[in-house]
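**Q** Quick one: this structure, given as structure tokens, is what I'll be asking you about.
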């Protein structure tokens, strides 16, 4: 899956794009590959996609409150003191049009803001690793993998 997770330059936030690469029958999203961005618009406004966004918000909120364990390059997450642990909030969670090879797909667009990172600073490597762990678990729980 081509998930994109990137820290915003000079901002304490992380942008995440999760394109849908397989049908999700539980959400009535049977055709995720579309020939044009305009065709994806119809998917993004469907009830099934809105239900997916609602479920993603609920799961993401729970994962932010109780993040999965993660490792950083220099230490384990459990060894961090509270001032070093990132604390995210959902700044944005919406639908997105994800371009692919000659097709377009609906996807989720998420922006996580680290409330413990200084303003006008890129998030720490530890925050980026925790965000990756959160997004990985989100994808798993929603069955997007």
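**Q** Can you pull out every residue in the stretch 1-52 that is surrounded by 13 or more Cβ atoms within 10 Å (Cβ to Cβ), within 19 Å of residue 112 (Cβ to Cβ) and either more than 16 Å from the chain's Cα centre (by Cα) or free of Cβ contacts under 8 Å to residues at least 12 places away in the same chain (or both)?
**A** Result: 11, single match.
**Q** Could you check the stretch 22-49 and list, in sequence order, the residues that are within 28 Å of residue 88 (Cα to Cα) and touching a strand residue (DSSP E or B) at 6+ places or on another chain (Cβ under 7 Å)?
**A** Scanning the stretch 22-49 gives 44, 48, 49.
**Q** I'd like the residue in the stretch 117-134 that is in contact with a helix residue (DSSP H, G or I) (Cβ under 8 Å, 6 or more places away or on another chain) and outside any helix (DSSP H, G or I) and, out of all such residues, is modelled with the lowest pLDDT.
**A** 117
**Q** Then there is this: Of the residues 52, 93, which is part of a strand (DSSP E or B), closer than 16 Å to residue 141 by Cβ and either in contact with a strand residue (DSSP E or B) (Cβ under 9 Å, 6 or more places away or on another chain) or at pLDDT below 90 (or both)?
**A** Step by step, each of 52, 93 is checked, and only 93 is part of a strand (DSSP E or B), closer than 16 Å to residue 141 by Cβ and either in contact with a strand residue (DSSP E or B) (Cβ under 9 Å, 6 or more places away or on another chain) or at pLDDT below 90 (or both).
**Q** What about residue 137, is it part of a helix (DSSP H, G or I), more than 14 Å from residue 21 (Cα to Cα) and free of Cβ contacts under 8 Å to residues at least 60 places away in the same chain?
**A** Judged against the criteria, residue 137 is not a match.
**Q** Out of curiosity, is residue 106 modelled with pLDDT under 90 and either under 23 Å from residue 2 (Cβ atoms) or assigned to a strand (DSSP E or B) (or both)?
**A** no
The values are calculated or read from the model by the stated rules, or taken from the named source; none is laboratory data. Note that the structure is predicted; figures quoted are calculated from it, not measured. Ideal geometry is used to build each Cβ from the backbone, glycine not excepted, and the neighbour counts take in all protein chains shown.
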